[in-house]
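Since the structure comes first, as structure tokens, the remarks are kept for the end.
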Amino acid sequence: MFRFIGLMQSMGISFLVLLLINFLMGMFHIGGFASIIIISFICTYILNGMLSAHYNPNAPYFSSYIGGLTLTILNFWCAQLFFDWFVWDQTNLLYASIFINSAASLLATYITLKSSILIKRRVAHDS
């Protein structure tokens, strides 16, 4: 069964980590624009996928997809609100971003679930 609280926990933790990492990178002037974007992407969507498998064990893929989609929409909204970038009329950018971000989150969920299964099998085999 899908747990909404688990979705909010995984999205909230990944968003807080994103804020912390971006604050530290901005405060210490670490990296250029491209490296900040890549690190932000990894912190947000990959961490969301990993945490979706943990906080929503009965529906991890659905939670990961909805979390990735919601975080993408929030990123677009913040880009328009704070930077005055009009991203809502660029449909190719919207579709590509939604696909890449959701796919990264789903892939992270898949890898997390497969690695936890392999670890459980290895522990059961050793004992």
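Numbers for the structure displayed
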read-out: Rg/Rg_globular for the chain, with Rg_globular taken as 2.2 N^0.38 Å and Rg from C-alpha atoms; value: 1.18
read-out: FRET efficiency estimate (nearest 0.05) - Cβ-Cβ, residue 20 to residue 59, R0 25 angstrom; value: 0.35
read-out: Accessible-area ranking of 109, 70, largest first, probe 1.4 Å; value: 70, 109
read-out: FRET efficiency, 1/(1 + (r/R0)^6) with R0 30 Å, evaluated for residue 1 and residue 39 via beta carbons; value: 0.30
read-out: Highest-fluctuation residue, 81, 18, 113 considered, GNM on the chain with Cα pairs under 10 Å; value: 81
read-out: Heavy-atom accessible area per residue - the chain, 1.4 Å, Å²; value: 67
read-out: Candidates 59, 103, 79, ranked by Gaussian network fluctuation over the chain, Cα under 10 Å, top entry; value: 79
read-out: Using θ = phi - 60° and Karplus 6.51 cos²θ - 1.76 cosθ + 1.60, couplings along segment 42-59 (whole Hz; Gly, Pro as x); value: 5, 5, 7, 7, 5, 5, 4, x, 5, 6, 5, 5, 7, 7, 10, x, 7, 9
read-out: Portion, in percent, of the accessible area of the chain that falls on carbon or sulfur, probe 1.4 Å; value: 75
read-out: Of 113, 18, 41, farthest towards positive along the dipole that unit charges on Lys, Arg, Asp, Glu beta carbons give the chain; value: 113
read-out: Probe 1.4 Å - accessible area at residue 61, Å² to nearest ten; value: 100
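The values are calculated or read from the model by the stated rules, or taken from the named source; none is laboratory data. Computed from a prediction, not measured in an experiment: that's the story for all the values here. Cβ coordinates were reconstructed from backbone atoms using ideal geometry, including for glycine residues, and neighbour counts include every protein chain displayed. Just so you know, the surface numbers come from the protein's heavy atoms only, side chains and all, with ligands and any DNA or RNA stripped out. Shrake-Rupley method; radii C 1.70, N 1.55, O 1.52, S 1.80 Å.
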